[in-house]
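Here is the structure we will look at.
The values are calculated or read from the model by the stated rules, or taken from the named source; none is laboratory data. Computed from a prediction, not measured in an experiment: that's the story for all the values here. Cβ placement follows ideal geometry from the backbone for every residue including glycine, while neighbour counts extend to all protein chains displayed. Side chains are part of the model used for accessible areas, which takes the heavy atoms of the whole protein and leaves out ligands, DNA and RNA. Shrake-Rupley method; radii C 1.70, N 1.55, O 1.52, S 1.80 Å.
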Amino acid sequence: MKLPQGRLRKSRVVTDPREPLADVLDRAVTGYAVFEPQDSLLLDADGRGVVTFVDGVPVVAYHTGTDRGGPPALADLAVPGPYHVSVFELDGADLGPVHDVEDLRVPPGMPAERLAGDPALADSTRRAAPPERRAPAGTEAADDHGAVEAFLEDEEKIEAIREQARQEAKQRAAEWELNDT
Amino acid sequence: MVEVFAVASGKGGTGKTTSTVALGMALSERYDVTVVDADTGMANMLFHAGLSDAETTLHDVLAESASVEAATYERFGMTVVPCGTSLDGFRDADPSRLREVVARLAADTDVILLDSPPALDSRAAVLPVVMADRTVIVLQPTIPAISDGLKVQEYATSYDTDVAGLLFNKVREDGIERVAEKTERYFEGPTLGAVPESERAREARRAGRPLLAHAPHCDAAAAYRRAADSLSVRDGQSGEVADRFRSAVIPEPP
Ligand SMILES: Nc1ncnc2c1ncn2[C@@H]1O[C@H](COP(=O)(O)OP(=O)(O)OP(=O)(O)O)[C@@H](O)[C@H]1O
Ligand SMILES: [Mg+2]
């Protein structure tokens, strides 16, 4: 997926991807965001996720580590934070070619559901989407248990999340002197 | 008999406080229950339990300016220990005193529920999970909530805190059984229940009342009661528990 660089609006580390998604929606940003998970231990950690937006509403998603696009790219990106997130602005015309690739497209509310786990933000994103992108009521959410189930079938990824948490817990227990309890 | 549960999720806004108060009310039909707002940085149990005008709170106790008894309130059939919302109160509070508070409360109650903060990033934030015997993990049926729940489990078990079970909340669609079944494979506790997304829950919060008092007959309240029924409280000796909490002194970081 090729995009012009664009104008950098924001670049920072967030613990919850909800924050940049809500911010982009709030400001009706047209452009893209790059999500870079900071968890070095996780499988897909060297990959980055890219989500594009028109007027704050997500259009396509792509993961550089797995080279997958669309909903699977969001699944690849769904790992515990923190993430380093950079938001770039672009002219709508620059996004046209990428937005025409059907396999990369995602339903408007899906990034908020899958990355942020925030159904309320997903609802407001869907409301902000142009009418032709709005799925009939209920149908988009209805497929989301499917995404959760797909995530739960990825045993390797879940084991990596648990292993990461175990090590973090151990290391922090030492830092916080909570060992002897 | 006393058993201490942390109600935790890692992720914010999953319904920990709502669930703590709801499980507390449901369990109070069988047990003597005490619920504690252990989210001392972002207290909000007082808004769920009609205590927004409480004068003395856990903050005062943790700042050593009030006794535990002065910060306990009998509400809705339970003993409620709310926390205050002022920044000053938070600054003066010493979270490691929470152990002493729980030890005192343990002396005369059957079940203690600790409403936990939505993070694992500081000593104060993990303290409820560290102190509890078991933890109830509140999950929304979303990928981020489940991965944060996995993190809570790893933190809990690394401190020998067992998983009492999973409580799905804000469930919006059919088919939660399949999600629950797949989720359970990775957790060391059963699914206690699935609470539907419910306008009644939001109304109750606005009215400053527990869901089970505000809308006792709604589906969400029924789901909480079933979840509470499937939670079997273990026998512990009050004296033993109190001793365990007192003896586990945490040194302050340098
Ligand atoms: N089953 C439900 N259906 C609808 N709304 C709910 C439900 N459970 C909780 N809520 C609402 O969600 C919001 C967050 O709930 P609550 O305060 O219990 O979450 P929390 O996990 O304690 O949050 P925090 O992480 O900020 O402490 C509240 O407005 C509450 O009324
Ligand atoms: Mg809370």
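Specify the angular offset, from 0 to 90 degrees and rounded to the nearest 10, of the alpha carbon long axis of helix B:16-27 from the longest principal axis of the alpha carbons in chain B.
With both axes taken from Cα atoms, the answer is about 90 degrees.
Can you give me the long-range amide H partners of B:GLU3? Hydrogens built in the peptide plane at 1.01 Å from N, cutoff under 5 Å, separation of 5 or more residues or another chain.
B:VAL111, B:ILE112
Show that you can apply the helix-only estimate: for chain B, add -39,500 (n - 2.57) for every DSSP H stretch of four or more residues, divide by all residues, and state [θ] at 222 nm to the nearest 500.
Estimated from H runs of four or more residues: -11500 deg cm²/dmol.
How many Cβ atoms of partner chains, on average, are near each residue of B:133-146 if near means within 10 Å of its Cβ?
The per-residue average across the peptide is 5.
Using the scaling law 2.2 N^0.38 Å as the reference, what is the normalised Cα Rg of the protein assembly as shown?
Rg over 2.2 N^0.38 Å, computed on Cα atoms: 1.01.
Once you have a ≥ b ≥ c as the square roots of the Cα gyration tensor eigenvalues for chain A, tell me rounded if a/c is under 1.5, and otherwise prolate or oblate according to whether a/b is larger than b/c.
Because a/c hits 1.5 or more and a/b exceeds b/c, chain A counts as prolate.
Rg(Cα) of chain B divided by 2.2 N^0.38 Å?
That works out to 0.93 for chain B.
How do A:ARG162, A:ARG12 stack up against each other in accessible area, from largest to smallest, with a 1.4 angstrom probe?
Solvent-accessible surface, decreasing: A:ARG12, A:ARG162.
Angle, helix B:143-158 long axis vs. longest principal axis of chain B, Cα atoms, 0 to 90°, nearest 10?
Result, in degrees: 40.
How well do other chains shield peptide A:167-175, expressed as the mean number of their Cβ atoms within 10 Å of each residue Cβ?
The mean count of partner-chain Cβ atoms within 10 Å per residue comes to 4.
Only loop residues by DSSP count here, and only those with at most 12 other Cβ atoms within 10 Å; note down the GluC sites (Glu not before Pro) in the stretch B:1-84 that meet that.
B:GLU29, B:GLU55, B:GLU64
Report, in whole Å, the centroid distance computed from the Cα atoms of the stretch B:90-167 and the stretch B:168-205.
19
Roughly how many nanometres apart are two label points built 7 Å out from the Cα toward the Cβ at B:MET42 and B:ASP92?
That separation, rounded to one decimal, is 2.5 nm.
Which angle between 0 and 90 degrees, to the nearest 10, do you get for helix A:144-153 versus the longest principal axis of chain A when only C-alpha atoms count?
Roughly 40 degrees, rounded to the nearest 10.
Counting only helical runs of four or more DSSP H residues, what would the 222 nm mean residue ellipticity of chain A come to if each run contributes -39,500 (n - 2.57) and the total is spread over all its residues?
-11500 deg cm²/dmol
At 7 Å along Cα-to-Cβ for each site, give me the label-to-label distance between A:ALA120 and A:LEU8 in nm.
Result for the modelled spin labels: 3.3 nm.
Would you work out the relative contact order for the stretch B:3-244, in percent, from Cα pairs under 8 angstrom that are 6 or more residues apart?
Normalised by residue count, the contact order of the stretch B:3-244 is 27 percent.
Kindly write out, for the stretch B:193-198 in residue order, the coupling ³J(HN,Hα) from the Karplus curve 6.51 cos²θ - 1.76 cosθ + 1.60 (θ = phi - 60°), rounded to whole Hz, with x marking Gly and Pro.
x, 9, 9, x, 4, 9
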